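See structure below.
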Amino acid sequence: MMQKLSAFLVISILALFIVSCKNETKNEEVDKATVKVVKAPEGKRAKKKVLTPEDIEEINSVMSRVMTDSELKNFASYIVTAGLAEKLSTEKGPFAIFAPSNSALESLSAEKKKFYANPDNKAKLEEMLKSHIVEGSLDKEALLQIINKSGKAKLKTLSGITLTASKSGDDIIIVDGKGVKAKTVKGSTLGSNGVLYVVDGVMNAN
C-alpha cells in the first residue's frame, strides 16, 4: 500500500503549486478554485497556523524540492509509491539526490516500467530509487572539489551500491556499478535537509 506524505507537506506543496499556476495563467477557473480552497466558512475567521521550525524544514525539504520540480514528476510518483517520501521530507539527512528526469524514466523499456508498476516489486523499486540517494552534504561545489582533487568521487548510496562521479568537460558524469552513465542536467538545488540534482539516466535499474 502506497505510503502517503504527511498532510502538512501535501497541503504546503499544493499551496506552492496553486501559486505557481496563478503566476503562469490568467484562467478564471483556477482563480475561483483557489478562492474555494482558502476561503473560510461563512461567519468564521480562518485560523492562522503558526509554523514551527519543523514545519518550515519540511516545507523546504529536499522532498518538497522534488515534488515541485516539473522535470521530476515521474520520480516523485515513484518515491511516494516506494514509501520514501516521509524519510526525505522529515529526516535530517542530509541527502544528495541524483534524480532521474521524466524523460530518463520514460526511456526505460515497457517491460521495466511494468515491472516497477507492479506492487509485488515494491522492494525492487525502492532499491532502484535508493541507488540515486547518497547520505552526506554534497552540493555542487563540494562534489567538484572532491572530483578536482582525486579525479573522481565515490558515492555510497542508500541501496548499498557505489556511484562514481567524474567530470567530462563542464559536465558531471555519474556511473553506477553496471557501467550505466548519467549526466547531471540540473544541480544543485538546496533543501533544508539535502541537495537535489537532476540526471538524464537511471541507475541500477533491473
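Tabulated values for the structure
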{"read-out": "Per DSSP, loop trypsin sites (Lys or Arg not before Pro) in segment 89-151 with at most 10 further Cβ within 10 Å", "value": "Lys92"}
{"read-out": "23 Å Cα-Cα threshold exceeded, pairs from Lys92/Lys113; Lys149/Lys183; Lys130/Lys186; Lys112/Lys178", "value": "Lys92/Lys113"}
{"read-out": "Which of Ala99, Tyr116, Leu84, positive extreme of dipole for segment 50-151 (C-beta unit charges)", "value": "Tyr116"}
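FYI, it's all coordinate maths here, none of it is from the lab. Since the structure is predicted, the reported quantities are computational estimates derived from the model, not experimental observations. Here Cβ is always computed from backbone atoms with ideal geometry, including for glycine, and neighbour counts include all displayed protein chains.
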